[in-house]
Structures are given as C-alpha cells and as structure tokens.
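What follows draws every value from the coordinates through simple rules; no lab data is involved. Since the structure is predicted, the reported quantities are computational estimates derived from the model, not experimental observations. Here Cβ is always computed from backbone atoms with ideal geometry, including for glycine, and neighbour counts include all displayed protein chains.
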Protein chains: 2
Amino acid sequence: MSKELVFGHLNPDTDAIVAAKALAYFESKMGKDVEAVALGNPNAETNFVLNHFSEPTPRVVKTVANEVDSVMLVDHNESQQSVADLDQVTISTVVDHHRIANFETAQPLFYRAEPVGCTSTILTKLFNENKIEIPAQLAGLMASAIISDTLLLKSPTTTDDDREALRELAEIADIDVDSYGIEMLKAGTDLSSKTELELVDGDAKSFEMNGKNVRIGQVNTVDLDDVFSRQDALVSTMEKENQTNSYDLFLLLATNILNSDSELLVVGEPKDIVEKAFNTKLSEDNRASLPGVVSRKKQVVPPLMDAFNA
Amino acid sequence: MSKELVFGHLNPDTDAIVAAKALAYFESKMGKDVEAVALGNPNAETNFVLNHFSEPTPRVVKTVANEVDSVMLVDHNESQQSVADLDQVTISTVVDHHRIANFETAQPLFYRAEPVGCTSTILTKLFNENKIEIPAQLAGLMASAIISDTLLLKSPTTTDDDREALRELAEIADIDVDSYGIEMLKAGTDLSSKTELELVDGDAKSFEMNGKNVRIGQVNTVDLDDVFSRQDALVSTMEKENQTNSYDLFLLLATNILNSDSELLVVGEPKDIVEKAFNTKLSEDNRASLPGVVSRKKQVVPPLMDAFNA
C-alpha cells in the first residue's frame, strides 16, 4: 500500500492543520501509510496551539503528484481551495463540514461530511465509532480547532455534536475551555504585525458564484478599529489582488470575537448583489455592518449564493 | 421540522429501493419526518424481494419540489441520475457508494460515502454505530440489496464490509444466503417478458464523459443467448434512444451471473474510445467479450472515463 498525504485547505486555519493531523493519526491506527502536510504556513492562532501542545508544524507542500498517487482531504473539498495539482491524484478520503461543490472523482471514495461547526468534531466521532483512543496532545489540538471554528461555541454553526466533542476532548486534554479558549483566540488577533495582504487574504477562500470569481476573507479581532484604521491600504491591496488573480469581487469580513458582530468591506463588482444578499446599503466607503454575523460558511456564503442565483 | 423524501436513483434497482426504505426507517428513529419513495417502478428482482418479505412497493414520484423543501439521496448523487427537479430542493443527506460528480450544494450536509459494494452495507454500519436495531423484515431487504449489488459477493466491488454486513443481516432475517440469493437473482433474469427498451434501458445510467453523453445499461442473465438472440431489435432500440435523448454513445453490458462474464454491445460514437478503454476490438456487429467483468461502476465506468480523458 503506497503512502498518502493528508491536508486541509489553502490558507490553513487551525482546523485545517489539526484535522489533517487527526485524520493522519486515525488512518495510521487503521494501518494506512499517511503523512499530514499543509498547503501553507500556520497562522498566529495555529502557531499558538501547536506551541501550547508541543506539536511540530506540518511540512508545507505546493504540489502532491510528485510524491503520491492518492490523497485525503480534510476541512474542504472545492478544488479551488485545494492543492494546485489535485486533478493529478486520486482522492481516497474526504472528511469535511462544508457544502460540496467543484468536486468530482472517477472512483468511489470515503466521504464523511456533517453539517457541524468543525471537522475535528466529525473526527472525534470517527475515533469513537472505531474505538480508537485520542491521545491527550491530539485531543488538545482538536479541542482548539473546535474553539477556533465555533468562536468558543458562539458561532451559529455550532451544533450539539460540537459541544459534546469539545467537552470530551477538553477532558482528555485536561484544559479549561473558557480560559484557554480566550487566550488562544486572542493569540490569533494580534493584527499589528500583519501586512495588509495577510489581513485580507490570510484566511481567504475562493468561490465561483454564477460565473463570477468571488474571494472572501475573514479576520478576527477584539477591536474593529485595528482593522479599519488601515482601510485605505486594505482596499488597494484587495484591488491589486482582484487584478492579479482575476477575482471579480473581494469581500473582507472583520469579526469582533468579543461581541460576535462583523463589519464587511467590499471591493469589486457586482456590489448591488452584495447589498441584496445582506439586505443592506453599503456606505460610501463600501462598508456594511453585519450584526450577529460571525460565520462565513453559514451567514455569508449562502445568502451571497442565493443573491447571485436569483 | 418539515417532511423530507428519501429516494434512490432513476431506473431503480434493488439497492435503490431498499436503501431508501432503510434510511427512512433509520431517520424516523432519529426523530425525522421522512417518507421513502422511488423514481420508478421496481424491477422484477426487486418485486420478488418486496413480495418475499411482504413489504409494500414505495410510491413513485416524478418531481419532489411540489411536496417538500428537502430530500435525502441514497445510492446515487449525480444529478442526471436523480429526480428532474433536484435543483429546486435542498439535499440534506446522501448515503452512497459511487463516485461523486455533477453534485453541488449551497449548504453543508450529511454525506456518507464508502467505496463498498452496496449502499445497504453502509446503512448497516449507520444502524450499528447509532445502536438502532434493524427489524427482521428490513434486514431481509438489505441483505437482498447486498446480494443484488455484489452478485452474491462475486463482484469485484465486494469488500469485507459487505461480507460482514450480509452475514449480520442474513442472521437477523433468518435466510440462507446462497439458496435465497440464487432464487432472487434468477427472479431478475426472466428476460422473455421484457421489451427491448426494458432490456437496454431498465437499469441504464447516464454519464457525462469529456462532454459526451454516455448511457450505460446492464442486464443480468443466466444465458447470454437470451439477450443476443434479439440483437437487431436491441440495436435499433438503442439507436432510437440515442436520437431521442441526445446520447452520443449507448453501451449495453449483458452479464452472465452464473460465470461472471459479460458481453458488451455498443451503439453510437466514439467506438474507438470504447475499444481503447477495454483494450479490445469490437466485432463487426459491434460486440466485445469482457471476461470477468460484472461491475459497471468498477470495471466499466472508470476505464471509459480514463479513455475519454486521455
């Protein structure tokens, strides 16, 4: 049996890095030859998590077909969010919690998706179903991924399964969810050291919506001013990104993790569809308040998709 | 919570009908309001199975959006194999054992696919994982689906999971797998009463391959002469089907379930790609022997896809 690589999406967040490690551990226990890798360097939050649990940073790869014939995807399935040469390899396994789109295989495969807040929640169920013990260190990583994806269980994507998995993982890892969680989330919000490109694109994902190329970035903060004091520079970075990558529309969602509100910044066209999607008017500087919006997946992508397809 | 419909693919085979019933039972035990329906009338084999276990035939539907907002798919995911108005409803759940293609959702969903021989095998695992007992009658149906899809565990699609599930289900249903299985498979092979259209299209599925519209039918028999004594009429039916439905290529796989060999009949173009796919030369009457080939999914679709994309 030949080796397979396991990885999360481009611009990896904590769940993308952690779920790859968790699935690789699970599959190795099932007798597979696997290695968890990443499609980019960990962000500040993920570095905090890896350091906290003394876990090594995964190797970063740009292509995979030069190494393996077969891969496993976690926390994504859309090809534009994956490795560049995905079409050159067989996808044997997917564990994910997103919609399915721009995804096609020639062969049957393992595909496990659930509409829960975090891939690591599904992986916790996989470990339990197969009666494989989760080591304390890995449980700490997986708990961190759930805290990250659900903003400490406050995101509307949060389900009872996430709450139950986090409770179980926190017990194994022996962490206090609230105090550790706030510390971890804050570690991801030191924006002063980040370039404008890191802010707008560090967590960004691409979506094809009715023929338009839509880029959506999200940045978490404890003070929205930390983001919008740099608005002019952010806008010109987004304009440059649109040109360079043929994006039609770039949305940046700045989310205040303390009160769970977001502010949207829009660059590109069609802006009227953005206004329709969120039933709002953009300000003169192309911003809109989105109170209660924290989830790109659940509160931004679906209304935008609907507005594009209306 | 509003009602959902659960159904298998068009031209339903035993697994498509049975897996819908099994998932509907499972989801009802999880508290959901669901009804198993079918996208066509049961075939002779499935009628034998339903009669044998005194199970009612599911209601046949042509559209679903007039009844429900949300559906669950079993034993398929490709939209061209599903209900005509699938794009009008939300897909909440898929349980399947095929490749994923022509499938897209706007929202996260439950998706459970495994590369095993039969959807009912995956459903058996779902029942076990959730500690839900399978009633004897339903176990009989699910065992029949596994026997049907794996040709009594002889198809190369058969996995250890299928063998284990069939063993478990046969015990619950109290059937002798070999004697019941042969009787059931033979019930599906009385071809004399079938029209040519039923023979070529009764189990057919559509595939998009590199822009070509490919239709692939399969008929099981205990004597290939029962099929090919009617070759001229079959060919003109397939030609008519190609015209009416804009198929480019129609393949009919006639499979001898006693010795696990198949004979292929090809109507339409490109025939050279078919020859390349199976590394064979078509005879003057456009046939080819495919010894050891019994699985459309595993032994016909992938080599054809590869040849089309080469």
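Figures for the structure shown
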item	result
Efficiency of FRET between B:N210 and B:D261 - r from beta-carbon atoms, R0 25 angstrom, step 0.05	0.30
Pairwise label distance in nanometres, A:E171 with B:R59, each label 7 Å out on the Cα-Cβ vector	4.4 nm
R0 of 35 Å, Cβ-Cβ distance A:L197-B:A310: FRET efficiency to nearest 0.05	0.30
Reciprocal of mean inverse Cα separation for segment A:196-309 (Kirkwood radius, Å)	13.8 Å
Between segment B:215-232 and segment A:161-226, the Cα center-to-center distance that results, in Å	58 Å
Residues A:Q80 and A:S2, FRET efficiency given R0 of 35 Å [Cβ-Cβ distance, rounded to 0.05]	0.85
Pairs of Lys in segment B:4-187 closer than 24 Å at Cα, counting only those 8 or more apart or on different chains	13
Distant-in-sequence amide H partners of A:S70 (H built 1.01 Å from N, under 5 Å)	A:L5, A:T90
Rounded Å value of the spacing that divides the Cα centres of segment A:97-124 and segment B:99-156	17 Å
Pairwise label distance in nanometres, A:K125 with A:F110, each label 7 Å out on the Cα-Cβ vector	1.5 nm
Amide N proximity, segment A:136-165 versus A:D178 label position 7 Å along Cα-to-Cβ, cut-off under 15 Å	A:152-154
Teacher prompt: A:D160 distances to equivalent labels in other copies, 7 Å Cα→Cβ, nm	3.4
Pseudo-label separations to other copies for A:Q88 - Cα-to-Cβ vector, 7 Å, nm	4.5
Stretch gain in nm, segment A:S246-A:E133, where the contour uses 0.36 nm per residue and the Cα spacing is subtracted	36.1 nm
Using a 7 Å Cα-to-Cβ projection, B:F110 label spacings across copies, nm, ascending	2.0
Electrostatic dipole magnitude of segment A:4-187 [Cβ: Lys, Arg +1; Asp, Glu -1; Cα centre; debye, to 20]	100 debye
Added length on full extension, which subtracts the Cα-Cα distance from 0.36 nm per residue, B:E164 to B:E239	22.8 nm
Per-residue [θ]222 nm for the protein assembly as shown (sum of -39500 (n - 2.57) over DSSP H runs n ≥ 4, rounded to 500)	-11500 deg cm²/dmol
Degrees, to the nearest 10: B:231-245 long Cα axis against longest axis of chain B	70 degrees
Degrees between helix B:14-29 axis and first principal axis of chain B (Cα, 0 to 90, nearest 10)	20 degrees
Per-residue average of Cβ from other chains inside 10 Å of B:298-305	2
Between 0 and 90°, nearest 10: helix B:160-173 axis offset from chain B longest Cα axis	60 degrees
Spatial separation of Cα centroids for segment B:253-310 and segment A:1-63, in angstrom	41 Å
